[in-house]
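Some notes on the structure that comes next.
The values are calculated or read from the model by the stated rules, or taken from the named source; none is laboratory data. Being a predicted model, the structure only gives us computed values, none of them experimental. A quick note on method: Cβ atoms are made from the backbone with ideal geometry, for glycine too, and the neighbour counts reach across all protein chains shown.
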Amino acid sequence: MNELNKDIILKDLPSKRLNLHIYDEIDSTNDEAKRIESIKEFHIFIAEKQTKGRGRHGKKWSSPNTGNIYMTISTNQNISQISPISLISGLICKKAVDKLIRKPLIMLKWPNDILFNDKKIGGILVETEINKENIKTIIGIGINLNIDKEESWWGDLSKFALESKRNELINLILVEFLNVFDNSYDNWPDDWKKSCMHINKEIEIYDGKRHQKKGIFKDIDAQGNAVIESNEGEEVIATGQISIKGVY
């Protein structure tokens, strides 16, 4: 397993705009981002291991020291050009992995899951922290490059031996993130839909544990909301978690 390497991670990135924080072990990179005062435009927090990693709705995100990516990007800047943040961040990660493995094999599941071979290999957790006049946006990114066999209900990218290229993958994600921040990403909905593994498929959507709707996932709108078609017609749904038969 290659250790996290600051020089490779920050290659071709503007050091005046970024602060990189690397940890052997931490409770949560998102929580650390909340604790650290922002000095530069962006602060990047990366850990070898998290003891209290989490996903959406407070679900535990297993974070052992096996060469995975546990990373948070935080900023006080207005990032409306990267909205909806969760969907665009997932798309950025998908494109970075595809570029490294040289095949478009990574898929997306609304709203924040990253998949390979119909198994979840990663996810995005976006949080905000309000402090006086500042709003800090916190973007947590978890990607399984190599997981323990006892956790095989999740997927990983061990087939591609990306643990040895982990620093390069993090760099690709950060380079693309800054590119989107600086130049916007107007055609993201089309790219996201091309990468979505359940467009025009039957899904069930849940609000927490409560069943909300069953129907066909037809589209996403400009805000990243799901457009679901059911017997009652089309409905726009802003939040939830979807289940797909044969996947999860």
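List of remarks:
- For TYR206: the one exception among (1) within 30 Å of ASP7 (Cβ to Cβ); (2) touching a strand residue (DSSP E or B) at 6+ places or on another chain (Cβ under 9 Å): (1)
- The set of residues from region 14-30 being touching a strand residue (DSSP E or B) at 6+ places or on another chain (Cβ under 9 Å) and either within 18 Å of VAL175 (Cβ to Cβ) or not in a loop (DSSP other than H, G, I, E, B) (or both) comprises ARG17, LEU18, ASN19, LEU20, HIS21, ILE22, TYR23, ILE26, THR29, ASN30.
- All positions within region 139-173 that are within 22 Å of TRP110 (Cα to Cα) and surrounded by 13 or more Cβ atoms within 10 Å (Cβ to Cβ): ILE139, GLY140, ILE141, GLY142, ILE143, ASN144, LEU145, TRP154, GLY155, ASP156, LEU157, ILE173
- Of the strands (runs of 3 or more DSSP E) lying entirely inside region 100-214, the ones with 1 or more residues being assigned by TED's automatic domain parsing to the domain that holds ILE36 and modelled with pLDDT of 90 or more are found at 107-109, 113-116, 119-131, 134-143.
- In region 15-69, the residues that are out of contact with any His (no Cβ under 8 Å at 6 or more places or on another chain), among the aromatic types (Phe, Trp, Tyr) and either at pLDDT 95 or above or not assigned by TED's automatic domain parsing to the domain that holds PRO111 (or both): TYR23, PHE42
- Evaluating PHE177 against the criteria (1) among the aromatic types (Phe, Trp, Tyr); (2) touching a strand residue (DSSP E or B) at 6+ places or on another chain (Cβ under 6 Å); (3) buried (at least 19 other Cβ atoms within 10 Å of the Cβ) leaves one unmet condition, (2).
- Counted residues, region 111-145 - those being farther than 18 Å from PHE42 by Cβ, in contact (Cβ under 8 Å) with a residue 40 or more places away in the chain and of a type in the set (Val, Ile, Thr): 1
- Options GLU32, GLU48, GLU25, GLU3; residue that is farther than 30 Å from THR239 by Cα, crowded, with 17+ Cβ neighbours inside 10 Å and among the charged types (D, E, K, R): GLU48
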